[in-house]
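Undergrad: Quick one: this structure, given as structure tokens, is what I'll be asking you about.
The values are calculated or read from the model by the stated rules, or taken from the named source; none is laboratory data. Computed from a predicted structure; not experimentally measured. Note that we place each Cβ from the backbone using ideal geometry, even for glycine, and neighbour counts take in every protein chain shown. The accessibility values were calculated without ligands, DNA or RNA, using every heavy atom of the protein model including side chains. Shrake-Rupley method; radii C 1.70, N 1.55, O 1.52, S 1.80 Å.
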Amino acid sequence: PCIPSTRSRKIPIPYDKVLYRQRHRVENMFGRIKDWRRVAMRYDRCAHTFFSSICLAATVLFWINES
């Protein structure tokens, strides 16, 4: 499991903190990509066009975060 158990649990289940941190970063990136209306509403009908718009959005967001 990569999600920590609740504090009220009697016997806590161990989890991988590195994997949890990576999962959180991926979920944040999807949240940022969904801010783009074209991707969130899926205006592109073809799968390859939709994938290219996702790649473009991810590239721009990565470039903005680097600066």
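Undergrad: Please identify the pairs in which a residue from segment 45-67 that is free of Cβ contacts under 8 Å to residues at least 24 places away in the same chain and more than 12 Å from residue 29 (Cα to Cα) has its Cβ atom under 8 Å from the Cβ atom of a residue that is part of a helix (DSSP H, G or I) and open to solvent by less than 60 Å² (accessible area, probe 1.4 Å), counting only partners at least 6 apart or on another chain.
TA: 50/39; 53/39
Undergrad: Then there's this: For segment 26-67, enumerate the residues that are aromatic (Phe, Trp, Tyr) and open to solvent by less than 100 Å² (accessible area, probe 1.4 Å).
TA: Result: 36, 50.
Undergrad: Counting only residues that are hydrophobic (A, V, I, L, M, F, W, C) and in a helix (DSSP H, G or I), how many does segment 1-52 have?
TA: 11
Results for (1) more than 13 Å from the chain's Cα centre (by Cα); (2) of a type in the set (Asp, Glu); (3) within 25 Å of residue 2 (Cβ to Cβ), shown as yes or no for each residue.
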{"site": "27", "(1), (2), (3)": "no, yes, yes"}
{"site": "37", "(1), (2), (3)": "yes, no, no"}
{"site": "44", "(1), (2), (3)": "yes, yes, no"}
{"site": "53", "(1), (2), (3)": "yes, no, no"}
{"site": "62", "(1), (2), (3)": "no, no, yes"}
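Undergrad: I've got another one for you. May I ask you to list the residues in segment 1-18 that are open to solvent by less than 100 Å² (accessible area, probe 1.4 Å) and in contact with a Pro (Cβ under 9 Å, 6 or more places away or on another chain)?
TA: Matches in segment 1-18: 4, 5, 6, 12, 13, 15, 16.
Undergrad: Yes or no: residue 23 open to solvent by 100 Å² or more (accessible area, probe 1.4 Å), without any contact (Cβ under 8 Å) to a residue 40 or more places away in the chain and not hydrophobic (A, V, I, L, M, F, W, C)?
TA: Criteria not met by residue 23.
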